[in-house]
Amino acid sequence: MTLPGQLLPLTRPPPAPPVLSSRRSRCPPPAAHAHAWGSPPPLWRAYRLNDRFLHPPRQFRAPARAPRAPTPPGVSAAGGGEARAAAVAEFVTSERVKVAAMLGLALALCNADRVVMSVAIVPLSQAYGWTPSFAGVVQSSFLWGYLMSPIIGGALVDYYGGKRVMAYGVALWSLATFLSPWAAGRSIWLFLFTRVLLGIAEGVALPSMNNMVLRWFPNTERSSAVGIAMAGFQLGNTIGLLLSPIIMSRTGIFGPFVIFGLFGFLWVLVWIPAISGTPGEHAQISAYELEYITKGQKLVKPQIGSAKTKKVPPFSKLLSKWPTWALISANAMHSWGYFVILSWMPVYFKTIYHVNLREAAWFSALPWVMMAVLGYVAGLVSDTLVRNGTNITLTRKIMQSIGFLGPGIALLGLNAAKSPIIASAWLTIAVGLKSFGHSGFLVNLQEIAPQYAGVLHGMSNTAGTFAAILGTVGAGFFVDRMGSFRGFLILTSLLYFSSALFWDIFATGERVDFDGTG
């Protein structure tokens, strides 16, 4: 006997009664049939109604939908606005948001430590007589170290988890920042070494962040989590650019290096006892939140000592897929534009518009506030699109297209600006729209290869670092040869347009088979 909705066994059904006669069938109607035999008619039998034969609708399986926002315990799902408000309250007070906030603080320190040199390069160049081209070399010394660590650091993150690697990274780059004044007093080469060490340590920051977001957030909240973390990343630029001139005026050129280094040590002391590597290891997480995080997603758990974890990542297969090259291209262009703007905008405003150092810092800092705000907004928009059923691939392409086409157009406006205020407005638009890429390529790393997210991030970061070095040093030489930034901004704009096209052709939001033969 077959219950309603139950699939029939794969056997040939008995022959149906003849139904071609115009006379009324003697078979009882469906209701009577069910009453007489205790079960509905077989699915293969046609119903006769008013001399017309109707077949029951085919059974189908509803398409899978992305999980909706959680309904906290004790709140009815039919509560409408009350349920949504309770879900927001649960999200804000949850342990996973604390993880995202701590990641944001770490990335704020990461950028504050690196951006100090963008402000200090002006008085240092005046004190030591550095040319713009040599100043570009000093600026890029951080990137020499940053070039070395992302792939190794990403593999370490995949093996040990983001918590441990992030703790070591913050401690090491804070030490390098703290020791910079002592190194500068010895020799320029020792000072450059501390900047290289800073880059090596900071190379693990973004892979660690991605690993923690992958483990702590469901798919429908990952863009928002990345938005929170990257908001801290951009606010670090603002903190470094605005506070560094003030601190330097009171303590000397190297005051910010000491202060930011000490804050890094304090962060490590809080991170180690307060945050766990996975939700299941957290002592204070509620059963409800743990179930919500883990339900419906497959976490890539660190299997220390297992053969699977120790296996060398399949670099050849990773590089054989076009979605990998879409990520590499996007990261390279993102880093080119990011570091050119971060490293040279204070100098740009000082040389083009002849403003003093503190005003140049203000003009250069405001865009990063906009990037922090719009980055979080982009994360909310992206998660909402996915939650409402929009294809993930389409969502990532929309976000990344805004993140490339927007800055490309805005840099052309910056090039034509006639006053520092108008130039700052165009720069704010460029940097703000650039943040949409965080909900494009940066989240996409977790989607196409969750088991290799760390090493894939490291590979794309290495390409990004090459591009950043080329852009940072190239801008200095371009200014030396051409005497202006304007041609370099046009080149950067054209590169943005080309990268947007490449991304839209080859990117995907689906998981890519890197372990099989496909």
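The values are calculated or read from the model by the stated rules, or taken from the named source; none is laboratory data. Only a predicted model underlies this, so the values are computations on that prediction, with no experimental measurement involved. All Cβ positions, glycine included, derive from the backbone under ideal geometry; neighbour counts span all protein chains shown. The area values use the complete protein model at the heavy-atom level, side chains included, leaving out ligands, DNA and RNA. Shrake-Rupley method; radii C 1.70, N 1.55, O 1.52, S 1.80 Å.
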Using only the Cα atoms of the stretch 377-511, what are the Rg and Dmax in Å? 16.6, 52
Charges only on Cβ, +1 for Lys and Arg, -1 for Asp and Glu: so what's the dipole of the stretch 145-298 about the Cα centre, in debye to the nearest 20? 260
Residue 484 to residue 287: extension gain in nm, 0.36 nm per residue of separation minus the Cα-Cα distance? 65.0 nm
Just grab the label-to-label distance for residue 501 and residue 320, each label 7 Å out from Cα along the Cβ direction, in nm (one decimal). 2.9
With the cut-off at 20 Å, tell me which of the pairs 98/397; 98/163; 397/434; 350/418 have Cα atoms farther apart than that. 98/397
Relative contact order for the stretch 391-518: what percent, with Cα pairs under 8 Å and sequence separation of 6 or more? 42
Size of electric dipole in the stretch 403-518: Cβ of Lys, Arg +1 and of Asp, Glu -1, about Cα centre, debye, nearest 20: 600
With just the Cα atoms defining each centre, how far is the stretch 447-505 from the stretch 205-228? Give it in Å. 23
Taking r as the C-beta separation of residue 187 and residue 269 and R0 as 35 Å, the FRET efficiency to the nearest 0.05 is 0.65
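Got a number for carbon plus sulfur as a percent of the stretch 384-480's accessible area, 1.4 Å probe?
Here it works out to 77 percent.
Give me D for the stretch 102-245 in µm² s⁻¹, whole number, from Stokes-Einstein with Rh from the Kirkwood sum over alpha-carbon pairs, 4 °C and 1.567 mPa s.
Translational D for this selection: 82 µm²/s.
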When all C-alpha to C-alpha distances in the stretch 193-247 are sorted into bins of 5 Å, what percent of pairs does each bin hold, rounded to whole numbers? 4, 16, 17, 20, 18, 12, 8, 3, 1
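Using 0.36 nm times the number of residues separating residue 164 and residue 93, minus their current alpha carbon distance, what extension gain do you get?
Taking 0.36 nm per residue and subtracting the Cα distance, the gain is 23.1 nm.
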Per the Kirkwood definition applied to all pairs of different Cα atoms, how many angstroms is the hydrodynamic radius of the stretch 444-518? 14.9
What does the extension gain come out to for residue 390 and residue 511, with contour length at 0.36 nm per residue minus their alpha carbon separation? 41.9 nm
